[in-house]
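For reference, the structure is listed below as C-alpha cells.
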Amino acid sequence: MIKLKFKDMKNIYLTSQFVSVASKIKKDINLQKPKTVFIYTAAEEEYLKEDWFLNNKKVLLENDFDIVEYSITNKTYKEIKDFINPFDVIFVCGGNTFYLLEKTIESGFDKVLDEVLDEKIYIGHSAGSVLLGNSVALKSNPPKTNLKNFDGLKQVNFTIVPHWGRESAREAKMALFEKMYDLGDNVLLLKDTSYIFTDGLNYTIY
C-alpha cells in the first residue's frame with residue numbers, strides 16, 4: 001500500500017463535480033450554516049453564465065452554505081488574508097486551471113493558503129482541486145500565461161485528473177496517458193461522483 005504524505009492541514013475536500021457530492025460533504029462538515037467564501041476566479045473570464053457554475057452556487061445555498069462571492073484577481077496577500085479570516089469554508093471553483101494558478105501566484109493566495117489551511121475547511125471543485133496537487137500539467141491545451149512552470153501548490157502529494165469517466169471528455173482524457181507517464185508523479189483519476197478528503201495525515205477517496 002502506498003502512503004501519501006501531506007503538509008500539516010485539516011479538512012480538505014477535493015471534488016471533480018461538487019454538485020454530485022455536496023450533500024455528503026455538508027453532512028461531514030457538520031456546521032449549521034458555514035460561512036463560505038466562494039472564490040470564482042477560475043471562471044471569471046468565460047464561465048460565469050455556464051450552467052455548471054450557476055449550479056455550484058445553487059447547490060451550496062440549497063445545502064445551507066452561507067456564501068459570499070470573491071475573486072483573488074488584482075488583490076494583494078493582505079487583502080485576501082483579511083477578507084478570508086472570518087469564513088469557515090474556502091470554496092475554490094472550477095474553470096481555467098492555468099488562469100487560476102497564475103492569479104494565485106500573482107496575488108499571494110498560495111501563501112494565504114499555506115497559513116490558513118490548518119484552521120479552515122477547503123473545498124475544491126475541478127480546477128480548485130487540481131490547484132492543490134503537484135502539477136496542473138495534465139490539463140489539456142495550456143494557454144499563454146506568465147507562469148514559469150506548471151507546478152501546483154503541492155498541498156497534496158499527487159496530481160489530480162478530474163472528470164475521469166465522463167463520456168464527453170473521453171478523447172481528451174485518454175490522450176493524457178503519455179503525459180501521465182512522463183510526469184512521473186502519483187496521478188489520481190477522480191470521477192465526478194467521487195471526492196477526496198484529507199485530515200492532514202491520511203486521505204480517503206469516497
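The values are calculated or read from the model by the stated rules, or taken from the named source; none is laboratory data. Just so we're clear, the structure is a prediction, and the values are computed from it rather than from any experiment. Counting neighbours? That spans all protein chains shown, and the Cβs are built from the backbone with ideal geometry, glycine included.
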Considering Gly200, Gly133, which residue is at positive phi and modelled with pLDDT under 95?
Gly200
Can you tell me which residue in region 18-48 is surrounded by the fewest Cβ atoms within 10 Å (Cβ to Cβ), limited to those that are closer than 18 Å to Gly124 by Cβ and of a type in the set (S, T, N, Q)?
Ser23
Among (1) under 17 Å from the mean Cα position of the chain (by Cα); (2) at pLDDT below 95, which single condition is Glu46 missing?
(1)
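For (1) more than 21 Å from Phe18 (Cβ to Cβ); (2) among the β-branched types (Val, Ile, Thr), each residue gets a yes or a no:
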residue	(1), (2)
Val59	no, yes
Tyr70	no, no
Phe83	yes, no
Pro86	yes, no
Cβ pairs under 8 Å, 6+ apart or interchain, first in region 50-73 and under 18 Å from Phe87 (Cα atoms) and without any contact (Cβ under 8 Å) to a residue 60 or more places away in the chain, second of a type in the set (Gly, Ala, Ser) and surrounded by fewer than 17 Cβ atoms within 10 Å (Cβ to Cβ), ordered by first then second residue, are Asn63/Ser23
Kindly check whether there is at least one residue in region 65-84 that is touching a helix residue (DSSP H, G or I) at 6+ places or on another chain (Cβ under 7 Å) and of a type in the set (Asp, Glu).
no
Kindly check whether there is at least one residue in region 136-153 that is modelled with pLDDT under 95, under 13 Å from the mean Cα position of the chain (by Cα), in a loop (DSSP other than H, G, I, E, B) and of a type in the set (Gly, Ala, Ser).
yes
Taking the conditions exactly as written (surrounded by fewer than 20 Cβ atoms within 10 Å (Cβ to Cβ), within 26 Å of Leu48 (Cα to Cα) and at pLDDT below 90), does Ser168 satisfy them or not?
yes
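What are the residues in region 49-68 that are assigned to a loop (DSSP other than H, G, I, E, B) and either surrounded by 13 or more Cβ atoms within 10 Å (Cβ to Cβ) or hydroxyl-bearing (Ser, Thr, Tyr) (or both), if any? Reasoning before the result, please.
Just the residues of region 49-68 that are assigned to a loop (DSSP other than H, G, I, E, B), to begin with: 49-50, 63-65.
Glu50, Asn63, Phe65 - these are the residues of region 49-68 that are assigned to a loop (DSSP other than H, G, I, E, B) and either surrounded by 13 or more Cβ atoms within 10 Å (Cβ to Cβ) or hydroxyl-bearing (Ser, Thr, Tyr) (or both).
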Name, by its number, the condition in (1) in a helix (DSSP H, G or I); (2) in contact with a strand residue (DSSP E or B) (Cβ under 6 Å, 6 or more places away or on another chain) that does not hold for Lys81.
(2)
Restricting attention to region 77-101, which residues are farther than 21 Å from Glu119 by Cβ and either surrounded by fewer than 17 Cβ atoms within 10 Å (Cβ to Cβ) or out of contact with any Asp or Glu (no Cβ under 7 Å at 6 or more places or on another chain) (or both)?
Cys93, Gly94, Gly95, Thr97, Phe98, Leu100, Leu101
Among the residues of region 102-130, count how many are buried (at least 24 other Cβ atoms within 10 Å of the Cβ), assigned to a loop (DSSP other than H, G, I, E, B) and touching a strand residue (DSSP E or B) at 6+ places or on another chain (Cβ under 7 Å).
0
Tell me which residues, restricted to region 171-197, are modelled with pLDDT of 90 or more and of a type in the set (Phe, Trp, Tyr).
Tyr195, Phe197
When region 8-28 is checked residue by residue, the ones that are in a helix (DSSP H, G or I) and over 14 Å from Val59 (Cβ atoms) are Asp28
